[in-house]
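What follows is a short report on a single structure.
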Amino acid sequence: MTLAVFFGCTFIAFGPALGLFLFTIARDPLRIIILIAGAFFWLVSLLLSSLIWFIAVKASNPQDESLQKGLLIFGVMFSVLLQEAFRFLYYKLLRKAIEGLVALSEDGCSPISIQQMAYVAGVGFGLMSGAFSMINLLADALGPGTVGIHGDSQLYFLTSAFMTMVLIFLHTFWGILFFHGCEHRRWWEITAVVVMHLAVSGSTFCNPLYVGSLVPSYLLMATAAAWAYLLSGGSAQNLRRFLLCLRSGASPQPAS
């Protein structure tokens, strides 16, 4: 049973993200470099926020439960803001990289667009975020122990896997929205990303009432996905062609 839980949660949490990597990133060395760099930027933001939270906890009274809970909320919110700050720094770095690639290219064009960089960087942020969210839980899923033996929810590992999956996708969409906002100086788009990130992270404090965190997160994911699709040049017509497996310029044939 523990192996089934382990592999099931692993495939739920990382299966769709692995598909994104294999079909859209793995064949391009430049995209792999951007993904790894994005994961590194997220990791540095986590390291700094964890260090500040650790210092705050050690400097406070460990017996004061309300204070410790407040510090935990502060740590989560500060971590979100720091992640978005590092996303902005990464955008600035990639913008400089594009200028360098254009200067070195023979035709004066960059081999990768800022939209593609935003997508790959978002996947890098999401994969590293998902790994740190789920790796300890997957280790615990192998046992020993039984989930819910003291009356707690038996869906802990399953809901954590679904939450990790939605966070990976959200980081991907947030990367597209954030970079678009920076590129066109639409600061309200950047603010919307930060607000959504804070809302999703804050909803996890509703656990173990998992409906209070999963449902809003998936609704925000659907909103962010549609928004990112439109900003990337997508349209309802293109989506319809994709769903119907139609080629560009083809029209659906009437049924006989």
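The values are calculated or read from the model by the stated rules, or taken from the named source; none is laboratory data. Keep in mind the model is a prediction, meaning the values are calculated, not measured. Every residue, glycine as well, gets a Cβ built from its backbone with ideal geometry; the counts of neighbours run over all protein chains shown. Keep in mind that these areas ignore ligands, DNA and RNA; they rest on the heavy atoms of the full protein, side chains included. Shrake-Rupley method; radii C 1.70, N 1.55, O 1.52, S 1.80 Å.
Here are the numbers for this structure:
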item	result
Residues within the range 228-244 that are open to solvent by less than 60 Å² (accessible area, probe 1.4 Å) and either touching a Pro at 6+ places or on another chain (Cβ under 8 Å) or at pLDDT 90 or above (or both), tallied	1
Positions within the range 59-75 being under 19 Å from Ser49 (Cα atoms), in a helix (DSSP H, G or I) and open to solvent by 60 Å² or more (accessible area, probe 1.4 Å), in sequence order	Leu67, Lys69, Leu72, Ile73, Phe74
Verdict on Leu51 being over 21 Å from Leu177 (Cβ atoms), over 18 Å from the mean Cα position of the chain (by Cα), modelled with pLDDT of 90 or more and in a helix (DSSP H, G or I)	yes
Residue in the range 182-204 that is open to solvent by 20 Å² or more (accessible area, probe 1.4 Å), touching a helix residue (DSSP H, G or I) at 6+ places or on another chain (Cβ under 6 Å) and over 22 Å from Phe88 (Cα atoms) present	yes
Test: Ile12 is farther than 20 Å from Ala161 by Cβ and touching a residue at least 40 places away in the same chain (Cβ under 8 Å)	no
Condition check for Gly212: touching a residue at least 60 places away in the same chain (Cβ under 8 Å) and either of a type in the set (Phe, Trp, Tyr) or in a helix (DSSP H, G or I) (or both)	no
